[in-house]
1. For the stretch 34-60, which residues satisfy the criterion of being at pLDDT 85 or above and either surrounded by 10 or more Cβ atoms within 10 Å (Cβ to Cβ) or of a type in the set (D, E, K, R) (or both)?
2. Which members of the stretch 8-23 meet the condition of being surrounded by 10 or more Cβ atoms within 10 Å (Cβ to Cβ), part of a helix (DSSP H, G or I) and among the hydrophobic types (A, V, I, L, M, F, W, C)?
3. If the Cβ limit is 7 Å and pairs must be 6+ apart or interchain, which residue in the stretch 45-66 that is assigned to a loop (DSSP other than H, G, I, E, B) pairs with which residue that is of a type outside the set (S, T, N, Q)?
Amino acid sequence: MDVSVVIQKFTRLPDALKAEAEDFIDFLFAKANKDQTNKRQTKGYGLWKDKIEMSPDFDAPLEDFKEYMR
């Protein structure tokens, strides 16, 4: 892509559309940064650390199964 062509097109836009184009460019930068952040955190040990919590009695037998646990 030739940057000079993009700059020429941008300079011919009305001011209102220039502001909209700038907002869209900011959106694209934010999207690119978000994609990079998500790529780094998609898998691996410790990904869910401090995000989920298990109850202290997680391994305790359930009341519904007491008759089977004799």
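The values are calculated or read from the model by the stated rules, or taken from the named source; none is laboratory data. As the structure is a computational prediction, the values presented were derived from the model and not from experiment. As a convention, Cβ positions derive from the backbone with ideal geometry for all residues, glycine included, and neighbour counts pool all protein chains shown.
1. If the condition is that a residue be at pLDDT 85 or above and either surrounded by 10 or more Cβ atoms within 10 Å (Cβ to Cβ) or of a type in the set (D, E, K, R) (or both), then GLU53, ASP57, ASP59 are the ones that fit.
2. PHE10, LEU17, ALA19, ALA21
3. Hits for this filter: PRO61/MET69.
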